[in-house]
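*Asks:* Provided herewith is a single structure, encoded as structure tokens, for subsequent inquiry.
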Amino acid sequence: MLSLRHALLAMLAAVNGCAPAASFHYDGAPINADSSGTVWGDEYEGLAVGGAGETVHSLPRGFNLEWVDGNTQSARVDAFARGASLHARSYPSGEVGSIAWHGDGALREVVAGDFTPAIAEGALLGDPRTGGDLRAPGSVRMQGLAMRASTSTWSSMTGGGVVLGAGAYCFGLGGWQAHDEPQGRVAAASIERAGSDGVVGAAFGETIDGDTRRTAISTYGAHKTETAFVSGELALADSRARAVARVVAGSRREWSAIAIAGAGPANDAPLVFARKERWGAALERRDGWGWGASRTGVSTLTRRDVVSDIRRRRAFWDGEWRVTDDTRLQLAARVTREESTRPENGALAALPSHEVADDWRARATLRVFLGLTDNAYRVEWVQNRSGKPGMIASWSWRMRAGPLDTRLSASAHALAPGQVSYSTDDAPPGIAEYSTVTGKGASLAASTRLWFRHHAWLGAAWSQRPPGSPRVWVTLGLRGG
């Protein structure tokens, strides 16, 4: 459970950088990443996703407490008052949290505790888009040093930071160390100047690990017009370079593109670029109508080091249609081709190997709203590493009647030998987890929550994925307004 340190100091706060020139810091309409069921579970290869998907909405004043007991214990605290905020999380894997204050004067942001640092387009601090999936975000925003909210122990850093503003200028300074690796320390700073149509800035960082010191720098900038937004960052570290460039265009911001090139970030050392080359590009288009919406994208990503050369090409499409006022049809498809080449190696030199693997996935979801209930029926088709297709079927039901919120879900999968899919695991509130599934299997889950005048609640949940043991937990919460 929560230690005293995190009960006082724990708050999950996103330092959103300076907010100069509102005309420049315009954000397009946010898009729900899974609005059409297109989160497949393997988008960020090699990265844990526990704790993802939780969004804490700031309140002008109030607090939120939640405690989950059972075989998966967790606790959470959220509080807001006059620009100050506090968030804390306790999971079986550890504790995270921080406190923060946000203002409009010379002192813009102050944060202390656990957070995920970020700068500009991610070139300097390490870009997760070098993982398994390269997407072109539609955001028309860029900022310097930011300490963003993090609800998972694997991605958070422990430290503090401050953001100062003076007119069009913004200065950020922060220091942190890995949540589970206190030996290495990092200090970073950024300075930028924003105007009505763009921003330019520079960032600096230094790592200290015993007697070893490394320095990294980056320059970044962005320009915005009525129909286009262009941004980019160039980072230098350890005599290696990395660049990220991004474009959002169209009268409705319907087009977006991104390109990455250069060295890859080292996983075990911040602000250090490893001898791994990463380059690629992605293009997406989003369309919307009164009766539906669609999204289309293509990408290519190459990862090369001394032992392998992997190229992944991907195309996807998803759409949603309103059949009637109470019925929605959601379709999604994705195809991936991965080519890998390995050189000769070993005392008995083996010949270079070249492998090609194709991965096809498609989904169809029918959502029906009947009175107080919401039903979703989904069928997924998978074909990878085998000539035979595999199927996954799922059903979810939700009823909200006054203070009562009840949910049921069931799924079953039948995959051919060697085929792999990803399924969401039911977990305590605020946590999203994916598990690899193969072969044949099923899962069941049920939960209910009773509200008392929207200020307190009591809930219980149960889930099981045979042959694993059932998971049971009880939720008790209190909210202030």
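*Asks:* Any residue that is farther than 28 Å from residue 260 by Cα and either among the aliphatic types (A, V, I, L, M) or modelled with pLDDT under 85 (or both) - is there at least one of those in segment 111-128?
*Replies:* Scanning segment 111-128 turns up at least one residue that is farther than 28 Å from residue 260 by Cα and either among the aliphatic types (A, V, I, L, M) or modelled with pLDDT under 85 (or both).
*Asks:* Filter segment 312-325 for residues that are over 23 Å from the mean Cα position of the chain (by Cα) and in a strand (DSSP E or B); which is nearest to residue 288 (Cα to Cα)?
*Replies:* Among them, the one singled out is 321.
*Asks:* May I pose another question? Among the residues of segment 440-473, write down those that are over 21 Å from residue 401 (Cβ atoms), not aromatic (Phe, Trp, Tyr) and not in a loop (DSSP other than H, G, I, E, B).
*Replies:* Answer for segment 440-473, where residues must be over 21 Å from residue 401 (Cβ atoms), not aromatic (Phe, Trp, Tyr) and not in a loop (DSSP other than H, G, I, E, B): 440, 441, 442, 443, 444, 463, 464, 471, 472.
Conditions (1) acidic (Asp, Glu); (2) farther than 27 Å from residue 376 by Cα, marked per residue:
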residue	(1), (2)
273	no, yes
291	no, no
297	no, no
302	no, yes
312	no, yes
315	no, no
318	yes, no
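*Asks:* Hey, among 89, 148, 108, 141, which residue is at pLDDT below 90 and under 13 Å from the mean Cα position of the chain (by Cα)? Give the derivation first.
*Replies:* Values: 89 fails: under 13 Å from the mean Cα position of the chain (by Cα); 108 fails: under 13 Å from the mean Cα position of the chain (by Cα); 141 fails: under 13 Å from the mean Cα position of the chain (by Cα).
The conditions single out 148.
*Asks:* Which of the following residues is part of a strand (DSSP E or B) and over 12 Å from residue 140 (Cα atoms): 222, 187?
*Replies:* Of the residues listed, the single one that is part of a strand (DSSP E or B) and over 12 Å from residue 140 (Cα atoms) is 187.
*Asks:* Okay, moving on. So which residues in segment 396-414 are touching a strand residue (DSSP E or B) at 6+ places or on another chain (Cβ under 7 Å) and either part of a loop (DSSP other than H, G, I, E, B) or surrounded by fewer than 14 Cβ atoms within 10 Å (Cβ to Cβ) (or both)?
*Replies:* Start the filter on segment 396-414 by keeping residues that are touching a strand residue (DSSP E or B) at 6+ places or on another chain (Cβ under 7 Å), which leaves 396-399, 403-414.
Residues satisfying the conditions are 403, 404.
*Asks:* Considering only segment 242-251, state which residues are out of contact with any Leu (no Cβ under 7 Å at 6 or more places or on another chain) and either buried (at least 16 other Cβ atoms within 10 Å of the Cβ) or modelled with pLDDT of 90 or more (or both).
*Replies:* Hits for segment 242-251 are 242, 244, 245, 246, 247, 248, 249, 250.
*Asks:* Would you say residue 196 is polar (S, T, N, Q) and over 23 Å from residue 264 (Cβ atoms)?
*Replies:* Yes, satisfied.
*Asks:* Among the residues of segment 211-243, which ones are closer than 21 Å to residue 157 by Cβ and touching a strand residue (DSSP E or B) at 6+ places or on another chain (Cβ under 7 Å)? Let's see the steps before the verdict.
*Replies:* Within segment 211-243, the first condition is being closer than 21 Å to residue 157 by Cβ, and the residues that meet it are 212-218, 220, 233, 235, 237-238, 242.
213, 214, 215, 216, 217, 218, 220, 233, 235, 237, 238, 242 - these are the residues of segment 211-243 that are closer than 21 Å to residue 157 by Cβ and touching a strand residue (DSSP E or B) at 6+ places or on another chain (Cβ under 7 Å).
*Asks:* Further, regarding this structure: Go through segment 201-218 and give me each residue that's surrounded by 15 or more Cβ atoms within 10 Å (Cβ to Cβ) and farther than 11 Å from residue 119 by Cβ.
*Replies:* 206, 207, 208, 209, 214
The values are calculated or read from the model by the stated rules, or taken from the named source; none is laboratory data. Computed from a predicted structure; not experimentally measured. Positions of Cβ are backbone-derived with ideal geometry, glycine not excepted, and every protein chain shown enters the neighbour counts.
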